[in-house]
Amino acid sequence: MANYDDLVKTVQTAIQEDPTITDPTRIMVSARKEGPIFRKRPVVQLDGTVSNVPEVDKIGDIAARKAPEARVENNLRPTKE
């Protein structure tokens with residue numbers, strides 16, 4: 001995906017459409033380039049709070065599946081362990 005806005009929208013939509021995610025409105029998705037000048041690679045960053053650790057992992061998996069060319073930086077924090 002060349003456009004980072006499209007990348008963010010694709011990942012965010014997949015998270016919002018998953019019925020097992022407790023409150024997808026508390027999750028922020030962003031994207032940026034990272035790496036050496038001629039080898040820039042997309043990074044999808046996930047921020048916010050979720051219900052539990054399994055949900056952190058699940059959302060990270062969704063992002064990785066929807067943006068396979070990107071590195072996923074999962075900064076989600078669970079409210080419960």
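Read-outs: derived from the displayed coordinates by stated rules, not from any lab. Only a predicted model underlies this, so the values are computations on that prediction, with no experimental measurement involved. Here Cβ is always computed from backbone atoms with ideal geometry, including for glycine, and neighbour counts include all displayed protein chains.
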For the chain, please list each of the strands (runs of 3 or more DSSP E) lying entirely inside it that holds at least 3 residues being surrounded by fewer than 11 Cβ atoms within 10 Å (Cβ to Cβ) and polar (S, T, N, Q).
none
Starting from the stretch 1-25, take each residue that is over 13 Å from Ala63 (Cβ atoms) and list its partners that are of a type in the set (Lys, Arg), counting only C-beta distances under 8 angstrom and pairs at least six apart or across chains.
Tyr4/Arg32; Tyr4/Lys33; Thr20/Lys58
